[in-house]
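No value in this document is a laboratory result; all are computed from the given coordinates. All values derive from a computational prediction rather than experimental measurement. So basically every Cβ, Gly included, is an ideal-geometry build from the backbone, and we count neighbours across all protein chains shown.
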């Protein structure tokens, strides 16, 4: 597994890009405020459910929230690219691209569960340098910026010092999206963990950044599901990669492992890879 260091991506940024980050962070929080207001307006109301071609649910709340985000991006940064779950790509030849998941956990949203979120990432040359995970109904927001400590509602957070799978609190996200060939590996990791639970949304990721969860595993994910999480987790001291231990990118295969410490990450990767080798 590659060694992961908090400042690696910061050192790779051009000086002008580093100078632009504070203003971009401020703007991203403004976007998150607007998205929060929109999704909350529809939360726990009667919504017509539509099923997309990939079988996932979508509502007017998802589409309208993303449109609000896109309008703000187009107004302030029209030269930036945008990739959203509901409205696709707006390409660019510039180094900046925003990745948008207006409602992460639409099933939770439809069920009235307050753990749905909004995910917003900013990529620079394809690498996530800014991530926001906003949980509107709980008034909780995590902001991760490359080279900086992750902030939750104005205060820095840190992952728990868990270094062994058998001591870990594990969350498996959307087990129905994990491919059948990968399930024995996830089952083995679940069997070994001290505590295990299952979720249909990404709330476990920021909980890991705040030290309540130690390990998160999932499959079948899209870039808008995981790229915003990268700066949030890494800025809190955690690790996030694909199942091969490689950094997450736009073209990653959708299998994601998130852990509280490098030691835990190495052990969990070994469990996943060895189990897959034997099955």
Check your understanding: Between residue 278 and residue 125, what length in nm is gained on full extension when 0.36 nm per residue of separation is reduced by their alpha carbon distance?
Key -> 51.3 nm
Check your understanding: P(r) of segment 75-171 in 10 Å steps, Cα pairs, percent per bin?
Key -> 14, 33, 36, 14, 2
Revision key, fill the gap. Ordered by fewest other Cβ atoms within 10 Å, a rough proxy for footprinting exposure, 194, 155, 63 read 155, 194, 63
Review point. At 20 °C and 1.002 mPa s, what whole-number value in µm²/s does Stokes-Einstein give for the translational diffusion of segment 61-122, with Rh from the Kirkwood sum over Cα pairs?
Key: 178
**Study point:** Projected area averaged over orientations for the chain, convex hull of C-alpha atoms, nm²
**Key:** 13.5
**Study point:** Cα centroid of segment 73-139 to Cα centroid of segment 29-67, whole Å
**Key:** 12
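Restricting to segment 50-199, what percent of DSSP beta bridges are antiparallel, rounded to 5?
Details: 29 of 38 bridges.
Approximately 75 percent, going by the DSSP bridge assignments.
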Point to revise | Pair-distance profile P(r), taking every C-alpha pair of segment 11-81, with 5 angstrom steps and integer % | key: 3, 14, 18, 18, 15, 12, 9, 6, 3, 1
Practice item. Identify the residues of segment 180-202 with backbone N under 18 Å of a label point that sits 7 angstrom from the Cα of residue 212 along the Cα-to-Cβ direction, or state none. Key: 195-202
Exercise for review: Note down the nm distance, to one decimal, between modelled labels 7 Å out along Cα→Cβ at residue 198 and at residue 67.
Suggested key: 3.6
Exercise for review: Return the FRET efficiency for the residue pair residue 111, residue 18: r is the Cβ-Cβ distance, R0 is 41 Å, and the value is rounded to the nearest 0.05.
Suggested key: 0.50
Study note, to complete from the structure: So the FRET efficiency between residue 93 and residue 40, C-beta based with R0 = 35 Å and rounded to 0.05, is 0.45
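Please report the relative contact order for segment 78-127, taking Cα pairs under 8 Å with a sequence separation of at least 6, and give it as a percent rounded to a whole number.
Values: 91 pairs, mean separation 16.4, N = 50.
Relative contact order comes out at 33 percent.
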Review point. Tell me, 229, 145, 25 in order of fewest to most beta-carbon neighbours within 10 Å?
Key: 25, 145, 229
Check your understanding: Counting other C-beta atoms within 10 Å, which of 65, 92, 241 has the fewest, and how do the rest follow?
Key -> 92, 241, 65
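Beyond 17 Å, what share of the Cα-Cα pairs of segment 149-201 is found? Please give it as a whole percent. Intermediate results must be reported in sequence, preceding the final value.
Working: 705 of 1378 pairs.
Above the 17 Å cut-off, segment 149-201 has 51 percent of its Cα pairs.
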Check your understanding: According to the Kirkwood expression over distinct Cα-Cα pairs, how big is the hydrodynamic radius of segment 103-253, in Å?
Key -> 15.5
**Study point:** Relative contact order (percent, whole number), the chain, Cα cutoff 8 Å, 6+ residue spacing
**Key:** 17
Review point. Once the principal axes of the Cα atoms of segment 165-278 are found, what is the range along each, listed largest first in whole angstroms?
Key: 34, 31, 24
